[in-house]
Every structure is written in structure tokens, then in C-alpha cells.
Amino acid sequence: MKSLRNILIIMILTGMMVFNPGCVDVSQTAEPGEETSWKEVLKQDLHLLGHRNWILVVDKAFPEQSSLGMKYLYVDQDLPPALEHVLREVESSTHVSPVIYRDRELSYITEEHVAGITRFKEEISRILEGKAVNTLLHDEVFTMLDESSSLFRVLVIKTSCTLPYTSVFIQLDCAYWDSEDEQALRERMAG
């Protein structure tokens, strides 16, 4: 009788873990053609995201990672218009601002290597014009994401783009409190 009770307890606990949203994979995929759906999810999630969260707008080969902090949305459209929409939403928010990262490898890829890369670079340059853009090696970006996703949510918007090293990684920063404000605060606290 005691072992039956233990089995029931284990089954109940397992069921609680499976049906508890905090313990399950938070991946979400929008069906192709449901453009409004991913935009609505972004708008809702943006209210919850803050300093140290990430939004990634990635190419189709970007891997699904096993971290529970990663949420995936598939968008059946090219990367540039998806990125433009994401940046517009982030920049119009009152609480976060974007810190943009791109793969350094992209600057070494030419039209001879990948057809269509020149037009893509021109389109992305137009979208990112006037914005500070940091470039890192692809593996360095993954290291940053690995560290962040264990503590903070990462929203991944996976597009239909099939060009290499084209993903754009947006780390969210506080829009109303910058590093200078933080430094001044720490100096006052230190006396």
C-alpha cells in the first residue's frame, strides 16, 4: 500500500511539472501566414521583457536551443522586414532600448560566396542606419546568449532567411536608466 501511495505521489508531481508552464519548453511557433500573430506575441512579450533580456531576429538555420529561457516564434517572411518591425516596437517602448549585435563573419561574405548577400547587406544597412551596431564573432554571441538564457528570457524570432551569418541579436537595456546613471549611483553609495 505504501509503494502504491509513493507511485501516486510521483505521478501527481510529474503531472504538475508537465502542466506547469514554468517547467516546460516555452517554444512557440506561429503558423506560416499568421504574420499578425507573431507581431501580437512580440507586443505582449515586450511588456514583460526588460533590462538583460534579448530579442533575436535570426535566419532559418539558427538552432533551437535547449535552454528553458528561450522562446521561439517562426515568421514566414524575410529577415529585414521582421527586424524593422522588432526595432520599431523596441524603440517605441518606454522601458527598454536596443543594444544591437551582428556577426563579424557577415562582413567577409561577398556576392561571389552567396548570391543575394549584397542586396541583403544594403537593406540591413538602411534599417540600422544611425544606430550603434556591435560586431562579434558568431561563437562569442552564442557564449553571451548561453550565459543570459540561464537567467533571463530570450525571444527568438526565426525568419525564412537562408543567408549565412545574417542574424541580428538585440540585447535590451533600460531606456530610462543608463550606465552613466548607474555609475553615479554606485559612486554615491560608496561615499
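The values are calculated or read from the model by the stated rules, or taken from the named source; none is laboratory data. Only a predicted model underlies this, so the values are computations on that prediction, with no experimental measurement involved. Neighbour counts run over all protein chains shown; Cβ positions are idealised from the backbone, glycine included.
Points to keep in mind about this one:
- Candidate set from segment 92-111 (those that are farther than 24 Å from Phe142 by Cα and out of contact with any helix residue (DSSP H, G or I) (no Cβ under 9 Å at 6 or more places or on another chain)); member that is surrounded by the fewest Cβ atoms within 10 Å (Cβ to Cβ): Thr94
- Flag for Glu31 being more than 19 Å from Val141 (Cβ to Cβ) and at pLDDT 95 or above: no
- Annotation note: of Leu56, Leu42, Leu49, the sole residue that is aliphatic (A, V, I, L, M), within 14 Å of the chain's Cα centre (by Cα) and closer than 15 Å to Ser160 by Cα is Leu56.
- Restricting segment 125-140 to residues that are under 15 Å from Pro98 (Cβ atoms) and among the small types (Gly, Ala, Ser), the residue that is surrounded by the fewest Cβ atoms within 10 Å (Cβ to Cβ) is Gly130.
- Which listed residue is in contact with a Leu (Cβ under 9 Å, 6 or more places away or on another chain) and under 17 Å from Ile157 (Cα atoms), from His85, His51: His85
- The residues of segment 141-166 that are surrounded by 14 or more Cβ atoms within 10 Å (Cβ to Cβ) and over 15 Å from Asn53 (Cα atoms), listed by number, are Lys158, Thr159, Ser160, Cys161, Leu163, Pro164, Tyr165, Thr166.
- Some residue of segment 112-124 being over 22 Å from Ala61 (Cβ atoms), surrounded by 15 or more Cβ atoms within 10 Å (Cβ to Cβ) and not small (Gly, Ala, Ser): no
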